[in-house]
Amino acid sequence: MQKVPLLRLHANIDTRVSSIRASHPDWQCARGCATCCRQLADVPQLTAAEWALLKQGLAALPPQRLADIRSKVDDLARAPSRPVVCPMLDETEGACPVYAQRPVACRSYGFYVQRDLGLYCKDIEARVAAGELPDVVWGNHDAVDHTLGALGESRPLTEWFAREAAEE
Ligand code: SF4
Ligand code: SF4
């Protein structure tokens, strides 16, 4: 069961995020700041452990909300386009309805770098370019990917939904 390693990874990310927030109380990333959720480079990828957790969050949603998400996932599977608007994003609230169960990539985004690439939005990129954040100790996403790799194969969100539908 990969739940424990996943929760350990969440805790590690939370530690890095808390540290950055503590040194920069004005950090913008929070539930409700969803620009990045509307501009995903690709369909979210999840390991089985992440999907199992996400399903718990989805199961707690009102049936109509879940039906809307399924419909958006189907649309995305049929006609993928880039950038991807996350099918789980609640456009009315402008927020993630499964925030507590969101995938690892969503937890680390805004606080991590991968080699020379900052994994954050244009707003944070602008602050970095302006030299406003020289003291930030960014998380290392290679280490996150290494841990995720040990949790098994990642699949696109669309595929997880399709597999589940096929089993019903
Ligand atoms: S990365 Fe940017 S758009 Fe995404 S939550 Fe953080 S501040 Fe908001
Ligand atoms: S799962 Fe939630 S946090 Fe992640 S991209 Fe989708 S709406 Fe945004």
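Filter region 34-68 down to residues that are surrounded by 15 or more Cβ atoms within 10 Å (Cβ to Cβ) and part of a loop (DSSP other than H, G, I, E, B) and give me whichever is farthest from ligand 2 (Cβ to nearest atom).
So, considering only residues that are surrounded by 15 or more Cβ atoms within 10 Å (Cβ to Cβ) and part of a loop (DSSP other than H, G, I, E, B), the one farthest from ligand 2 (Cβ to nearest atom) is T47.
How many residues, within region 114-144, are among the polar types (S, T, N, Q) and over 23 Å from C33 (Cα atoms)?
Looking only at region 114-144, we keep the residues that are among the polar types (S, T, N, Q), and these are 114, 140.
Pick out the ones that are also over 23 Å from C33 (Cα atoms) and you get none.
Number satisfying all stated conditions: 0.
Taking into account only those residues within region 91-102 that are of a type outside the set (A, V, I, L, M) and buried (at least 17 other Cβ atoms within 10 Å of the Cβ), which is nearest to P44 (Cα to Cα)? Working first, answer last.
Within region 91-102, the subset of a type outside the set (A, V, I, L, M) is 91-94, 96-97, 99, 101-102.
Of the ones still in play, those that are also buried (at least 17 other Cβ atoms within 10 Å of the Cβ) are 96-97, 101-102.
Values: C96: 14, P97: 15, Q101: 14, R102: 10 Å.
So the residue we want is R102.
Within region 121-135, count every residue that is within 13 Å of ligand 1 (Cβ to nearest atom) and in contact with a helix residue (DSSP H, G or I) (Cβ under 8 Å, 6 or more places away or on another chain).
Within region 121-135, the first condition is being within 13 Å of ligand 1 (Cβ to nearest atom), and the residues that meet it are 121-128, 133.
Still in the list and also in contact with a helix residue (DSSP H, G or I) (Cβ under 8 Å, 6 or more places away or on another chain): 121, 133.
Looking only at that region, the number is 2.
Here is a list: A105, A77. Which entry is buried (at least 17 other Cβ atoms within 10 Å of the Cβ) and in contact (Cβ under 8 Å) with a residue 60 or more places away in the chain? I'd like the intermediate steps shown before the answer.
Details: A77 fails: buried (at least 17 other Cβ atoms within 10 Å of the Cβ).
Every option except A105 fails the conditions.
List every residue pair whose Cβ atoms sit under 8 Å apart, with the two residues 6 or more apart in sequence or on different chains, where the first one lies in region 16-27 and is aromatic (F, W, Y) and the second, anywhere, is at pLDDT 95 or above and outside any helix (DSSP H, G or I).
Final answer for the pair search is W27/G110.
For region 123-157, which positions are over 19 Å from P103 (Cβ atoms) and without any contact (Cβ under 8 Å) to a residue 24 or more places away in the chain?
Answer for region 123-157, where residues must be over 19 Å from P103 (Cβ atoms) and without any contact (Cβ under 8 Å) to a residue 24 or more places away in the chain: E125, A126, R127, V128, A129, A130, G131, E132, P134.
Looking at D26 and the list (1) part of a helix (DSSP H, G or I); (2) of a type outside the set (F, W, Y); (3) away from ligand 2 (no atom under 15 Å from the Cβ), which single condition is not satisfied?
Checking D26 against (1) part of a helix (DSSP H, G or I); (2) of a type outside the set (F, W, Y); (3) away from ligand 2 (no atom under 15 Å from the Cβ), the one that fails is (1).
Kindly indicate whether any position in region 99-106 is within 16 Å of ligand 1 (Cβ to nearest atom) and part of a strand (DSSP E or B).
Here is the first cut: in region 99-106, the residues within 16 Å of ligand 1 (Cβ to nearest atom) are 99-100, 102-106.
Now restrict to residues that are part of a strand (DSSP E or B): none.
Checked against the condition, which is being within 16 Å of ligand 1 (Cβ to nearest atom) and part of a strand (DSSP E or B), region 99-106 yields no hits at all.
The values are calculated or read from the model by the stated rules, or taken from the named source; none is laboratory data. Remember, predicted model here, so these are calculated numbers, not experimental data. We place every Cβ from the backbone using ideal geometry, glycine too, and count neighbours over all the protein chains shown.
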